[in-house]
Structure formats: C-alpha cells, structure tokens
1. Among B:GLY352, B:ALA335, B:TRP368, whose Cα lies farthest out toward the positive end of the dipole of the range B:334-388, if unit charges sit on the beta carbon of Lys, Arg (+1) and Asp, Glu (-1)?
2. Going through the range A:276-346, which GluC sites (Glu not before Pro) have at most 16 other Cβ atoms within 10 Å and a DSSP loop state?
3. In peptide A:59-71, how many Cβ atoms from other protein chains are near each Cβ within 10 Å, on average?
4. Charges at C-beta only: +1 for Lys and Arg, -1 for Asp and Glu. How large is the resulting dipole of chain A about its Cα centre, in Debye rounded to 20?
5. Give me a comma-separated list of calculated 3J(HN,Hα) values for the range A:24-41, in order, Karplus coefficients 6.51, -1.76, 1.60 applied at θ = phi - 60°, integers in Hz, x for any Gly or Pro.
6. Stokes-Einstein at 4 °C, 1.567 mPa s, Kirkwood radius from Cα pairs: D for the range A:300-390 in µm² s⁻¹?
7. Run the dipole for the range A:116-361 about the Cα centre, Lys and Arg Cβ at +1, Asp and Glu Cβ at -1, nothing else charged, and hand back the magnitude in debye, nearest 20.
8. Determine the shielding of peptide A:20-31 by partner chains: average, over its residues, the number of Cβ atoms on other chains within 10 angstrom of each Cβ.
Number of protein chains: 2
Amino acid sequence: METITNGVINGKESHSMSDREFFQKMYELIFKEAIEKTTAGKCKVSNFVHPQELKEKLDLAIKDEAMPPENILKLCQQTFDYSVKPGHPRFFNQLFAGQDLYGLAGQWMSDAINPSQYTYEVSPVFTLMELEVMKKLRELCGYKSGDGIFCPGGSIANMYAMNIARYKHCPQIKQQGLYGQARLVLFTSEHSHYSIKKGAAFLGLGTDNIVFVKCDEIGRMMPDHLEKAIIETKHNGGEPFFVVATSGTTVLGAYDRLDAIADICEAHGIWMHVDAAWGGSVLFSAKYRHLMQGVERTNSVTWCQHKMMGVPLQCSAFLVREEESIMHNGHCAAASYLFQKDKFYDMSFDTGDKSIQCSRKVDALKLWIMWKAKGNRGFEAEINQKFENSRHMADLIKKRDNFRLLMEPQCTNVTFWYVPPSLQSIPEGPEFWEKLAKVAPIIKERMMKNGTMMIGYQPLGDHVNFIRMVYANHATTTQDVDWIVDEIERLGHDIVIAD
Amino acid sequence: METITNGVINGKESHSMSDREFFQKMYELIFKEAIEKTTAGKCKVSNFVHPQELKEKLDLAIKDEAMPPENILKLCQQTFDYSVKPGHPRFFNQLFAGQDLYGLAGQWMSDAINPSQYTYEVSPVFTLMELEVMKKLRELCGYKSGDGIFCPGGSIANMYAMNIARYKHCPQIKQQGLYGQARLVLFTSEHSHYSIKKGAAFLGLGTDNIVFVKCDEIGRMMPDHLEKAIIETKHNGGEPFFVVATSGTTVLGAYDRLDAIADICEAHGIWMHVDAAWGGSVLFSAKYRHLMQGVERTNSVTWCQHKMMGVPLQCSAFLVREEESIMHNGHCAAASYLFQKDKFYDMSFDTGDKSIQCSRKVDALKLWIMWKAKGNRGFEAEINQKFENSRHMADLIKKRDNFRLLMEPQCTNVTFWYVPPSLQSIPEGPEFWEKLAKVAPIIKERMMKNGTMMIGYQPLGDHVNFIRMVYANHATTTQDVDWIVDEIERLGHDIVIAD
C-alpha cells in the first residue's frame, strides 16, 4: 500500500543512488546539522512538539517494501529538525553537553571498524588502549594497582562495584545465590544517584536493604550518621558490606568527605565505593582535586568521562583498587567458544570475561584521542573553566533581585530559584513556597517551546522546584553565563501564579 | 619529557590545524580505511602482532602535554593498520560481520547528535522511533501487546528477562531481596549462552541454581528432560521461575523446539524466555521462521539486530509480551530530578525508567534507517542468502576428502573438522581425536598470521576442537564460500601433529 506523509512517498522504487552516494549525502547532512549549525548555535536547542503531534509529522512506520534513499534522507533531515541538540552551546539539561570534534572523530572511527571488545584476537589495539587508559585513570585516583573496564553507563558501573564488593565479602554467593546468607546491607547518602536503588533491586539485594544516610545542609553524607547506621545494622543482624560515597551529587553537586568515610569503612572492614560519575573529573585539576581528598583509600570508583570531560556517550569507567584478578573472578563464566585455552598468544590479554557483557562497544578510542590531543593539562584547563563559570553565575545571581541562590556551588552545578515580581510581595510561608514550586516548570515549558536553551529543574527534600544549572560544555563562556541569567529573567518575569 | 616512538614526536606544539580540519582528515582516513579498503577486501583481515610487541609499536601513552593533531592522525592510521576488520568480507570470527553503509550512517548520525534516551524532553524523535521499532519487532514475534527496549548487548537483555520474570514471580524481591525467599531455580540448555550463568551470578540467584538441561545430538534442549528437571526441583524444595530456550545456539546454531517447551512452561506456570540473540532474524523469513514456531507463546525474547541483520554494534532488543507496565514496574526508581511529575507533556513518553541504565545510547536510529531502506523484504532476502551460503558450504564440505562435517547446519553456522592428510591413516580412536584437537588451533594461528580470513573454533562436549563457520555478512557470496574451503585446505594440508 502506498502512503503519502508529509510529501514523502513510501513505495517500491529501485535505488536511485548507490550506497556510497547515500552515505556521502548523509555525511554532508550530519556535518551541516550537527556540527556547523548545532555547535555554532545556529538552530534552536529544541523544537518542541507534543508526542502525538510529532508522531503525525514523522513517517516512522516500517513497511514490507524498501523506501527510496532520497526519501530516507528527507526523514533524516526531519529527525534533525525535531531532535534536541545536546551539542548546542545552550544545552544544559543533563550532566553532559557539547560537541568535541576529537571525541566525535574517535567515536566514528570505532563505529566504522565496528569491533567488539572481549578478546585480543578481535580487538588487539583497543585492548591495549583500554588497559592504558584505565591505568592513567587509576593513577589519577591514586590507585597503585588494580583493574578497570568501560561499562555501558555509570549506573551499570555502580552495579559492578556492588557485585564485586559482594564477591569480595562472600565469594560463594556467585555460586549459591543469596539464599541462607546473612542479610547484606549497603549504605549511601540520601542524595546519591538512583542507580544505587536500581542496582540493589537488580542484584537481588533488595531496596529495603539500603540505608540512606542523612546529609548535611549542603548535601554531603554525614559520617557520624553513617557510622551509627553501620553499628545499628550489625546490632539488628544485618551485615554491612558496601558503602557508596558520592563525588558530585546529581542535583547539588555535593562532594562527600571521602577521608572521613574511609576512616569508618576501614574501621568496620567495609568496601568503600565512590560514585564519581559526575564529579570525578576534578581529579585532573590541581585546584579542585582536594574535593576528592581520600579517593586513594576507596576500593572502587565510578567515573563517567562522557559527563564533565565532554567525551561522546558512552564512556563510563569502573575502576578497582583491589588485586587485578578480582573483577575477572567475580564476573567470569569462561565460555569455551570465546576464551579458548589453547590460543597461540598470551591469553591474559583476553579481557572480556571481566565484563558482564559479551559484545561490548569500544569506548576507549574516543577518550584516548581526546586525551592525546589535550593532555592532562588540557582537561585541567577545561574543568577549571567550568568551575569558574559556576562561580561567576552564583555571584551574578546573588546580585540580581529576582533570583535566589539555593546554596553556594560545590561543583559546576548552580541551584537557584527564580522568583517572579508577582511573588515578591508574598511573605515566605506555605503560600509563597507553593506558588514558587510552580514557577520552574513554567520557565522550563517556555524555554522548551522557545527553543532558546534547556536547563533542568526538580524539587529536593524540603526545597520546592528549583532550577539546576550545570556546566559540562567546553564551549560555554562567561558571556554565555550572563546571557543565560538574562534569558531566565526574560522567560519568567511575567509569570503570575493563580491562587 | 619528549619521546620518539616510530617517528611520532610527542611534545608541546601549538595546534597546526583547526578542530574542523582535523575532523575532516579523520573522515577521509576512516572512509579510506574502513569503507574503501576494508569492505572491498583490499587489506588483511588481521595483521597479527603479539601483545608485548604491539605495545612497543604503538605510542599509546598519555602525557601531561597535548600531542599535535598530525601526530594523532598518524597514530589513528596505525590503529587501523593493526586492528582486526569485522567489516572485511573475509571476517567470520564472531556472530556479527560486514559493513552496512545505511547502518553506519545511522550510527554516525546518532553519535553526532549525542543524545541520551530516557525522557521525551531530550530525545523526542528517538523515543517515538524506539517505540515504533519495538512494536514491529514484537509483531514479528507474534506478540499482540507488550513492551520492549534496547539493551547494551544480548547478555544484559537476557538479564532483563531474568529480572522481569523474577519480578512477575515475586514482586516483593525488588524491595526485600532474596532473603527468606524460596530458592528460585532457572532452566536452560547445556548449549545456552554463557550470559545465563553471568546473569544468575549477577542477580544474586547463584549459578548453582541453574539447571542445565541435556540436549539432543544436534544441540536442542530435550523437553522431556526439562519437565523432569522441573518436577525434581519442586520435589527438592526449589521454586522453578524461569526457563530460557535458545533460538540459534552460539556454536551449533540449534533451535530449541519452542512449542514443546511452551507446553511445559504453561503447564507449570513458569516464565518462558527465548534467547534469540543470534537466531531471531529468521522471523523475517517465510522460509525459515518455522524454526521459531511457538515464539508467540513465549513471555519474552532477546534478539540482537547487530548479529545476523548486520546492524552496527550495539543493537539488542529485549521484548516482553506481558502487560506494558511490567518492565517499568520491575525496574523503576522514579528519580525526581529526571522524571518530574509536573511536566507539561504526556509523561508516559518518558520511557527511561524501564531501563536499568540512566544514560542510554540511542540504538534505534541505525536499525530504523536500515529497515526503511530494505523493508521487511530486504532483510528477508539477506537472511535467506546467509542460510543458502551455509547450505552450500555444508554440501561442498561433504564432497571434500579432508573435511568432515560435524552435523547438518541448522542456522547459518557450519561446523566441521579439517583432517589433514597426515592424520587420514590414523584409525578413529583416542590418538586420532587427540591429534585432531590440535589442528584447528594451528589453522587459526596460520589464518591470523596470514591475515586472509578469520574463523572461530572450539571444543564442545565430546567433540574435540572443530571449526565454526558463521554467515552473518550480507556481502558473502557462494563464490566466497568456495574460496573459504580452499583456503582452509591451503592453510591446513601440511599440518603434521607430533606424537
């Protein structure tokens, strides 16, 4: 059946261009849209259309018959038109942003080779490259030995930590399961990432067996509360096995005090993991690495290079300080068709059985290329600039009438309320906070529909909806910061919240 | 410190080219190497160098200072030189192969946009696209409703199945963990993929609680043995909750009889999952979909489109027939900073909480572009051709003196021994098999060092090392098949195994 949607005709037609011609045209389209227009900010950040309406605009349906390539090119143009642009200089909605051409070139190169990373035999260069990159990342953590691997995202890296800590604590669980075991309990802060909950559920530990330790007023886990919780857990028959500290919480950017937590973990013999998915990149910076003082005492680290370092998604390292064999022993299944025992080369370079994946994308190359191109110094300068942007924004906000800073920035997160003039006269009480809670969603809706920028908001504990600005994009300048503050004012100044 | 390695000088130099110039040169390099040379077979499949020696050839070390772009380009050229080429027409080492320019263009496009897939807000088009692609995949499975998501590889998709089956069986495990629960037992065939073991360990179920059901002589799980095992497990106080059938085993390509297994699962009320990571693509083929007869009765499916369909890595669907909410309920953690409850659009399109990941790469676009370009019919033709290649090879092997077919192909896997003339006079007994076991590794070493092709080998049960050929590459012709058989003969005919 032939259908016509938005001028695109689906139907039987012989190919009017070769595969290479199609590929060349796609390259030109991608270069124009994702590099020339997006990185220069010559397009909207978002071109918001509601889901049902967007479904009608796009010819997404798959058919029995082939679609001619020129029609596919038109649909790809539409895909660009309606996609949000994380590479745009005004995208601040998530903990990743920007477009690094060295990183993208590396990503494209590994995609074009299309390797899978499990054996030296099929990925010789990438195996050595991952080992080198992991070694350098461990050095930045102050780990003198250990192991590491790229995971498909920080959440799964945190699950690796949980599983390896469990294996260390009680290796027979791998064979026997959790039946008949003491109830294992893990500890993390109330501001930790939600992957800890997902992990405890997925690993069969149960979310009830997480103790969410109270944070201080700026979002850092309180060590005395942690220790009290550990003692209470033991008293109640639970077995503490895993503490997750956070370096750079998702919303506030808070850094838990690693040294104080390490003291407790060492005293009680508990595996200490730090989820530095967001904040780990301070390890490059002489100025800011003190925020992770004590990291060398942790047992493992999650650190996403695709966040503050601007590496294309995904690039999430799981690093372990323990003996090199623990990750292999904790995860191996020794498939005889892949990890043959009679190969002609040194099979210690078949690193795949450390992973819970079988096929695994190569994430090392893009980071390696960027790192070669910038050196440690280059990353340091970029990270310092992001911190300076957040400092500049906080200072600016403190001077502006309609803005109220939630707290001083600790990472590159800046959290604040915009209080429109219409709310300024309401005294701070239930009515004020209830109305203020409705402001950020309206500003968000307006920025999405205007397409000028994207920034996130959320409530947190007792704090009603506030805006969370994050600096993750290399390209953002202090002039951009000034513009952002003005733009929020422009979007929000006429907001009136009805009673 | 300045070092010179292979003519590449690392040191301080100001950038001699802009980022865009570097990117353009990288594009040219990638196009020349990965497309022009690799897909035309104008280079070796592998250029094998032992790990320690390769380390010395490559300047992998990361430094404090930046490396000039022209030196990075040279290192990228080296990376191509020493990388194995899965896109080469003579690469048959894994269950994926080839280079599809529509797929690669799609991969490059999503990389260049660099989205993460969790909310409609940041990935509007890709959210709808994933929903559409999942719907079509479910239709091919004969599922009338349900849900689906792309996972980072088939192994993790199998773990999703295990977790969702557990959630269905006993939802409170998500909160309470496995403590105090009946011992949950899962069943799979002795030829199933090793991810089932990894999953049982990772999910806290324990590998001892897997029953590996005996297979028949061609590698299919024996339903009567399965039923017996289920009854015995119940008798011994275990609680059967999950059966994994396999459609296309990794080595032999065997298809378990889904209908017979479904009868048993239905009778005992057990979740039936089918790991069709490798073999699922027969669902496109009128000629071969009978191999999965009964798939519509399963509760869930793993199916990697990056395998037989030739989509770039990674593209692994997890599909579930159950009510749409089960995957969300089984995995959700409801992070308030991401899945806000007061958004201005229909939040049912924020699909990310179905996943155990937070950041998640977009895997839908590349498949969608390929599917649009080929239609169902195009994929059907490609898959039929791959089956014909395997039939052609098996017929050829049966006619050749020094080849011995292990068994008739069931999927596109062809398994056989090469018996060099020097072994032909030895009677079939322990000496013969012991010597024959050493032949395949030598052929593999020779093909790696010659670089002419790559094919895998392994032992299996009582069968000593044999060669496993797999057809996954669209580009392979019957002429190539003839060449491969001759090449194995060339590499192996003079092998003599010392006593």
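1. Of B:GLY352, B:ALA335, B:TRP368, it is B:TRP368.
2. Working: sites: A:GLU296, A:GLU322, A:GLU323, A:GLU324; in loops: A:GLU322, A:GLU323, A:GLU324.
Passing both the DSSP loop test and the Cβ count: A:GLU323, A:GLU324.
3. Values: counts 1, 11, 4, 13, 6, 5, 5, 8, 6, 2, 4, 0, 2.
Across the residues of A:59-71, the mean count of other-chain Cβ atoms within 10 Å is 5.
4. Working: 55 positive and 61 negative charges, 73 e Å.
Computed about the Cα centre, the dipole is about 340 debye.
5. 4, 5, 5, 4, 4, 4, 5, 4, 4, 7, 7, 10, 4, 7, 5, 5, 7, x
6. Estimated via Stokes-Einstein, D reaches 82 µm²/s.
7. Numbers: 25 positive and 26 negative charges, 70 e Å.
Using Cβ point charges on Lys, Arg, Asp and Glu, the range A:116-361 gives about 340 debye.
8. Working: counts 5, 1, 5, 7, 3, 1, 8, 6, 0, 3, 7, 6.
Across A:20-31, the average partner-chain Cβ count within 10 Å equals 4.
Quick note: the coordinates plus some simple rules give every number you see, no bench work behind them. Computed from a predicted model, the values in this text were never measured in an experiment. Cβ atoms come from the backbone with ideal geometry, glycine included; neighbour counts cover every protein chain shown.
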